[in-house]
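The values are calculated or read from the model by the stated rules, or taken from the named source; none is laboratory data. Owing to the predicted nature of the structure, the values given are computational and were not obtained by experimental measurement. Glycine also receives a Cβ, built like all others from the backbone with ideal geometry; neighbour counts cover every protein chain displayed. For accessibility, only protein heavy atoms count, side chains too; no ligands or nucleic acids. Shrake-Rupley method; radii C 1.70, N 1.55, O 1.52, S 1.80 Å.
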Amino acid sequence: MEITEADVNRPFTELVESGNEKVSFEDMGDYYEIFYSIEYIVLNFWQKKPALNDKTVLSAYHKLKKDFDRQKKGSLADEISKSVKALLMFNKIDGERSYTHEEIISCVKYLIKLVNQHRSPSRIGYLQWIQTFFEGNMPITDKEISDYIDKYES
C-alpha cells in the first residue's frame, strides 16, 4: 500500500493515540522510528540546502512542538511533519506500533535538547552529529568522543 499526499495531510490527531502520560527516555531505541523519520528528513534537507544550520532546525522543532499540522508548505517543519505522519500511517495500515501525541512531542523535545547540546561555532554541530550517525561513524570511546567534540563542536 502506498501513502498518498492526502494521508500525510490528515490532521495529526487522527494518526496518534490519545494519552498525555509523560514519557521518559531510558533508551532512544524505543522510539527509533520516530527519531529516524525526523532526523533523516533533516539530513536530506541539509544535503539539498547546504545553507541550513542548527538554528533553522531548532526553529522547525519548536514549530512542530506546538503544531504538527499547520506548517509552511515546503519548509523543514512541513517536510518533517509529513515524514512522521507517513510513518504513523504506515504503522496504522500494517497494524504496527502506534504512538501517542505526547510520545511524539516528547521525541521532538528531546531533539531540541540534542540540538542545544551540539552547539558549535560552525553553527552546524547538530547537523554534523546526525550526519556522523547516519554514516555509522559515531564516536564510542571517551577518546573518540573527545576528538569528535574538539573537531566539530569547539
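Just checking, how many residues over segment 1-59 are small (Gly, Ala, Ser) and either over 19 Å from Cys107 (Cα atoms) or in contact with a His (Cβ under 7 Å, 6 or more places away or on another chain) (or both)?
The qualifying residues number 2.
Residues are listed down the side, and each one gets a yes or a no for (1) under 16 Å from Arg10 (Cα atoms); (2) surrounded by 12 or more Cβ atoms within 10 Å (Cβ to Cβ); (3) in contact (Cβ under 8 Å) with a residue 60 or more places away in the chain; (4) touching a helix residue (DSSP H, G or I) at 6+ places or on another chain (Cβ under 9 Å):
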site	(1), (2), (3), (4)
Lys48	no, no, no, no
Thr56	no, yes, no, yes
Ala86	yes, yes, yes, yes
Glu103	no, yes, yes, yes
Ile112	no, yes, no, yes
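Could you list, in sequence order, the residues of segment 120-143 that are part of a helix (DSSP H, G or I) and either modelled with pLDDT of 90 or more or within 21 Å of Tyr110 (Cβ to Cβ) (or both)?
Gly125, Tyr126, Leu127, Gln128, Trp129, Ile130, Gln131, Thr132, Phe133, Phe134, Lys143
Looking only at segment 1-32, which residues are over 15 Å from Ser81 (Cβ atoms), open to solvent by less than 70 Å² (accessible area, probe 1.4 Å) and in contact (Cβ under 8 Å) with a residue 12 or more places away in the chain?
Within segment 1-32, Gly19, Val23, Phe25, Met28, Tyr31 qualify.
Condition first: within 17 Å of the chain's Cα centre (by Cα) and of a type in the set (Val, Ile, Thr). Now tell me which residues in segment 1-50 satisfy that.
Matches in segment 1-50: Val8, Val16, Val23, Ile34, Ile38, Ile41, Val42.
Could you look through segment 51-71, keep only residues that are within 12 Å of the chain's Cα centre (by Cα) and hydrophobic (A, V, I, L, M, F, W, C), and pick out the one that is farthest from Glu2 (Cα to Cα)?
Per the stated criteria, the residue is Leu58.
Quick test of your reading of the structure: Asn137 fulfils all but one of (1) without any contact (Cβ under 8 Å) to a residue 24 or more places away in the chain; (2) within 17 Å of Asn44 (Cβ to Cβ). Name the failing condition by number.
(2)
For the condition more than 14 Å from the chain's Cα centre (by Cα) and surrounded by 15 or more Cβ atoms within 10 Å (Cβ to Cβ), what is the one hit in Gly125, Gly74?
Sole residue among the options that is more than 14 Å from the chain's Cα centre (by Cα) and surrounded by 15 or more Cβ atoms within 10 Å (Cβ to Cβ): Gly125.
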